Each structure stands twice: as C-alpha cells, then as structure tokens.
Amino acid sequence: MNQTRLCIVNPFQHGGGAEFQISLLTAALHQLGRFDVYYLARHVAPDIQPDGYKVVRIGHSDQVPRLGYVMDFIPLYRALRAIKPHVIYQRVACGYTGICAFYARRHRTKMIWHVAHTTDVTPQTLDTGRNVVRRRLEKCSVEYAIRRADRIVVQTQDQGRLLSQNYGRQADAVIPNFHPEAPEQSDESGPLTVVWIANLKLWKRPDVFVRLAQALRDLDGVQFLMLGEAPSGAQNAKWSGALMKSIEDTPNLTFLGRRTADEVNECLARASVFVNTSVHEGFPNTFVQAWLRDAVVVSLTVNPDQVLNGNGIGIHAETEAGLEKAVRHLLTDPAARAGYAQRARAYAKSTHSVRNIGKLTEMIDACASAA
C-alpha cells in the first residue's frame, strides 16, 4: 500500500490547545498505518519521543524570530522540498501559513489550513503589543494563504461566517475539536472549587478572575485556583507585577503555576466551576475538558456559536457583574450546578468525540488522491 506523505506544520510541537489536537490526530493516523507523517516545528520539547511520526526542527533556536515566523521561509521551504509531501496540514495562523501555501502552489501539493483562533479569520491581530512590522508580516502571510489554501477547516460556524465576511472564502468543513473520554471520575467531595486555566497573558484577562475571587470572599470554604504559566519578560512588566501581587494578596485564591495536561484534568474533575475570561478564543479545549468532568463553564466573553446559552450547558456572563452573579448562583445551588453538568457532559460526548478525527482524515485522503 502506498503511504501518504503528510507534513504537519506548526510553530510549536507542544504546549497549547492546537498542539493537543494535533497529538490526537497523529495518534489516529499512526493507528491507520497508511500515513508517513512529519511534524515540522521550531519549538520542540527537548524530551520528545515521537510515536508514529518524525519531527523536523525548523531553525536553530527556540526563540521566536524577531520579525516573526516568516523569517523561517528558507529552512521551512527546504524541509518541505526535501520531504515532498502529498498533503500539508497547517494549524496556528502565522508566517508558516503563507510559506506552506506558497510551497503547495509551486509543487502541486495540497494544503489544508485549520483555523485555530477567531482572530485567524479577522483583519485584526491578537497581540497588539508585539512589533508592528512583525504583526503585519504575519497577518499578510495568513491572508495570502487564505486565498490559496486548497481546503480550510473551521472549528465553529462563527469562524466560517467571519471567513466569508472578511475574505470572501467559504469554509470547506466545520469540524469541532475532538477529545477522548475522561478517565477521571468527577469528585466534589472536597471544598467547592472555582478554576481558571490559561497562561497569564493580558488578553486572557486573569485580573478579572482575581477580582471575582475577591468579590466572593464571603462564601466560606470556597477555593479559587489559577493554573497556567506566569508572565515573564519585560513586555507588560508593570501589569505582570501588579497581577502577581494581587494574587498573593487574595486569601481565597491560589496560583498553582504551570501544570501537566493530566494535572489540569485532575483539577477539573474536582472542580465545581470553570471560568474563562479571555477576550477572544478559537474554541477553547478547556470548555470540553470541563464538560467531560462535570465542571460547569462560566465564560465572560467567549461563547462560540452561542454554545453555552443555546444548549443550556454553561453561562455566558457578558459582564463582570454577571460573572460574579453566575458563579455565586452555581456555588450556592447544587441542583442547578448538577443540571448544567449533566447536559454539558452529554453534549461533549455527542459533539466533541474523537469520531471527529475521521472527518479530518477523510479530507486528507481526498487531498492526497487529488495531489
């Protein structure tokens, strides 16, 4: 049987939601036994032990190039040319997106671009604090690829609408994020717990969660936990310092720092409520992780496809006052909490199962046949 050579291209080989989704995809492709998979990335875990795929490191440093990932044009293009893939699967919008599209057009290779964030399909950029030239180069690269990718996959109907509205391009498929069944058993035998999970970045708005914990100090025995990587570097140093000081000064709030994926899931299995305060997201993997472990999702802003209120599986707070009201209600009404949790678990199992990987595999197969 002829093997399909597939290049998965992403700046990171580990670390975030997109990388978790890719790890599930590579495992499924390995089981099928008919794919020769290469993972091309700049940031590679030092202890990586790839199972069923080969890792090709792009560049010679773990640092982000000063002008963004478009600076990796030559090493990425050369790596693709050496592998001669039938299909390129690219996720996380950046300079790599345009480089992959450029290569694919010149070598009759099919490219699938998978949207990972709502801002991928809007003219705005996510991180307004970065170098202006870098931001523009990265966005131009992504917009070049939007016009030339053979297939575009979105996570939500909202992303498909934005893709059409902003770029006149129709999504080829809407494939919700996929997750395995939760091995952990939900356990609320301990204290009522409210959890926030993300790296402490400005656009994730961790300060909102700190204010929430402070506002709910009157609820005896309730603990608030923050999991994620602490801010580092000179950028936004004043904000970072003030944030960490406010966390330390909040007695019912504990910062646990960065945790492994298993530790995050174990924490969610013991949690009563999961809170999201981000300005933007794609479709948060943490939503699905919480749903599968009976932690009720309360989101300040992010509500893709109106999934929370539309299905009765969480609460879209909209304002900080609404966030406080919603979390207080859930913590003091066990029956309401149980109802949300039951509906959310059923929804996650039906909509976000690993069966969705099959839809992506079918697209890869179709592209390989046409290459």
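Annotation: amide H of Asp36 within the under-5 Å range of Thr4, Arg5, Leu6, sequence separation 5 or more or interchain, hydrogens built in the peptide plane. Rolling a 1.4 Å probe over the protein heavy atoms gives the chain an accessible area of 45 Å² per residue. Length available on full extension from Ala370 to Ser189: 0.36 nm per residue minus the Cα-Cα distance, which gives 59.7 nm. With a Cα-only, solvent-free Debye model of the chain, what are the log10 I(q)/I(0) values at q = 0.09, 0.11, 0.12 Å⁻¹? Cα-only, vacuum Debye calculation for the chain: -0.53, -0.79, -0.93. In terms of distances greater than 29 angstrom between alpha carbons, the cross-link table entries Lys110/Lys349; Lys139/Lys201; Lys139/Lys204; Lys110/Lys139; Lys204/Lys359 yield Lys110/Lys349; Lys204/Lys359. A simple spin-label model places pseudo-atoms 7 Å from Cα toward Cβ; at Ser164 and Glu320 they are separated by 3.8 nm.
A Cβ-based charge dipole, computed about the Cα centre of the chain with Lys and Arg at +1 and Asp and Glu at -1, lands at about 1780 debye. Loop-located GluC sites (Glu not before Pro) in region 259-359 (DSSP state other than H, G, I, E, B) with a sparse environment of at most 14 neighbouring Cβ atoms within 10 Å: Glu318. In this calculation the C-beta distance from Gln342 to Glu229 is compared with R0 = 35 Å, giving a FRET efficiency of 0.60.
Between Lys238 and Val354, residue separation times 0.36 nm minus the direct Cα-Cα distance comes to 37.5 nm. Counting only Cβ charges, +1 for Lys and Arg and -1 for Asp and Glu, the dipole size of region 182-337 around its Cα centre is about 420 debye. Computed in the context of the full set of protein chains, the accessible area of the chain at 1.4 Å probe radius has 50% of its extent on carbon or sulfur.
The values are calculated or read from the model by the stated rules, or taken from the named source; none is laboratory data. Keep in mind it's a predicted model, so treat the numbers as computed, not measured. Every residue, glycine as well, gets a Cβ built from its backbone with ideal geometry; the counts of neighbours run over all protein chains shown. Keep in mind that these areas ignore ligands, DNA and RNA; they rest on the heavy atoms of the full protein, side chains included. Shrake-Rupley method; radii C 1.70, N 1.55, O 1.52, S 1.80 Å.
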